[in-house]
Amino acid sequence: MTYRNMAVKVDGGSAVLGTRVGVDFSTKNEVKRQLAANISDADDQLRFNGDVDCKISMDFLLRSDAGSYEGLYHLFDNYHGTGASGMVLDIGGNEYSGCFIDSFSLTVKPFEPVVGSASFSCYSPSTTVLAGISDDSINDDLDTQNIIYGHNCTLQNAGNVVAANVVDNLSYNKTYSRTPVYTLGSQQATSHLVDGVEVEMNVQSTGLNSLIDFSGDKLANFFGVSLQDSSSIGLNYGGVDFDLLVNAGAHVVAEGYSVDGGGTLVTKATIKEVIL
């Protein structure tokens with residue numbers, strides 16, 4: 001089986017333009033060391049005190065909605081209820097139900113495709129052998145006119161953070177934390193409580209707007225990047241655009257700058273926003 005047999009889809013949508021996918025299983029176990037018991041008994045050495053952990057991670061390219069593409073809805077909070085609703089991931093023909101997004105990150109650079117990664121916790125994983133499927137439809141989604149490149153995106157309100165709209169690298173990371181709720185009579189979690197949602201953005205530029213003090217610097221306006229392809233088409237679900245933005249009230253929590261001999265000033269800033 002090769003990479004050509006491992007198409008990845010979320011909730012039966014279009015194939016994700018994936019460059020890597022990984023699935024990891026682990027058990028919650030502890031050694032059973034009882035008084036006067038023989039630990040060498042091969043049939044009674046471990047105690048299992050929880051459901052199996054299944055973690056799924058994938059790397060992918062960002063593509064616009066052009067041509068009715070529906071492969072990136074897992075990035076929208078209004079699709080999965082800000083991490084509260086599960087999704088179904090199909091990986092090479094193996095179906096993983098009850099998948100909740102843990103985090104995703106995106107990196108934007110000039111003249112390069114916007115690349116992303118996402119991780120999920122799955123509470124009802126596939127138990128069948130690896131299937132593997134061939135799906136030539138993904139070839140139609142690789143139209144380079146619809147791939148989102150950094151130089152086609154629009155920077156907004158950069159002056160809130162850096163000295164000018166000169167940003168050559170921006171990364172955006174969003175994390176979701178939740179607590180699964182287990183009830184009597186059920187091996188799997190019956191519901192999930194979202195405990196927190198945070199965004200961290202790292203920006204590299206050539207100047208800083210100001211230097212922070214012990215409490216950072218509170219943004220007076222939103223800041224970020226509007227994502228779009230060469231035809232100015234972006235990502236949308238349910239009337240909501242997907243862009244890499246932090247809102248007014250977010251804080252610049254770290255800054256730094258450096259310069260090499262014969263080079264130009266390089267500045268970095270980290271912005272944090274707490275959503276929940």
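Selection within the stretch 4-47: residues that are under 30 Å from ALA118 (Cα atoms) and small (Gly, Ala, Ser). The member of this set that is modelled with the highest pLDDT is GLY22. I'm checking my understanding of the structure. Among residues of the stretch 204-221 that are in contact (Cβ under 8 Å) with a residue 60 or more places away in the chain and either more than 13 Å from VAL246 (Cβ to Cβ) or out of contact with any helix residue (DSSP H, G or I) (no Cβ under 8 Å at 6 or more places or on another chain) (or both), which one is surrounded by the most Cβ atoms within 10 Å (Cβ to Cβ)? It comes out as SER205.
Starting from residues that are under 23 Å from PRO125 (Cβ atoms) and not polar (S, T, N, Q), keep the ones in the stretch 23-37 and report whichever is surrounded by the most Cβ atoms within 10 Å (Cβ to Cβ). Let's see the steps before the verdict.
The initial filter retains those residues of the stretch 23-37 that are under 23 Å from PRO125 (Cβ atoms), namely 23-30.
Now restrict to residues that are not polar (S, T, N, Q): 23-25, 28, 30.
Numbers: VAL23: 19, ASP24: 9, PHE25: 11, LYS28: 11, GLU30: 9.
Per the criteria, the residue is VAL23.
Tell me whether the stretch 171-192 contains one or more residues that are closer than 30 Å to ASP65 by Cα, outside any loop (DSSP other than H, G, I, E, B) and among the hydrophobic types (A, V, I, L, M, F, W, C). Within the stretch 171-192 (the criterion being closer than 30 Å to ASP65 by Cα, outside any loop (DSSP other than H, G, I, E, B) and among the hydrophobic types (A, V, I, L, M, F, W, C)), the answer is no, since none of the residues qualifies. Scan the stretch 15-22 and tell me whether some residue there is crowded, with 16+ Cβ neighbours inside 10 Å, of a type in the set (Gly, Ala, Ser) and not in a helix (DSSP H, G or I). So far as the stretch 15-22 goes, yes, one or more of its residues are crowded, with 16+ Cβ neighbours inside 10 Å, of a type in the set (Gly, Ala, Ser) and not in a helix (DSSP H, G or I).
In this structure, does VAL225 turn out to be in contact with a Lys or Arg (Cβ under 6 Å, 6 or more places away or on another chain) and not in a loop (DSSP other than H, G, I, E, B)? No, not satisfied. Counting the residues of the stretch 194-203 that are over 13 Å from ALA250 (Cα atoms), surrounded by 16 or more Cβ atoms within 10 Å (Cβ to Cβ) and among the acidic types (Asp, Glu) gives 0. Might you let me know whether the stretch 48-71 holds any residue that is surrounded by fewer than 12 Cβ atoms within 10 Å (Cβ to Cβ) and modelled with pLDDT of 80 or more? Checking the stretch 48-71: at least one residue is surrounded by fewer than 12 Cβ atoms within 10 Å (Cβ to Cβ) and modelled with pLDDT of 80 or more. For the stretch 29-52, the criterion of being in contact with a Phe, Trp or Tyr (Cβ under 6 Å, 6 or more places away or on another chain), farther than 22 Å from ILE233 by Cα, of a type outside the set (D, E, K, R) and free of Cβ contacts under 8 Å to residues at least 40 places away in the same chain is met by at least one residue. For the stretch 244-271, the set of residues classified as outside any strand (DSSP E or B) and within 19 Å of ALA220 (Cβ to Cβ) consists of ASN247, ALA248, GLY249, ALA250, listed by residue number.
The values are calculated or read from the model by the stated rules, or taken from the named source; none is laboratory data. What you are looking at is a predicted structure, and each value in this text was computed from that prediction instead of being measured. Cβ: placed from backbone, ideal geometry, glycine included. Neighbour counts: every protein chain shown.
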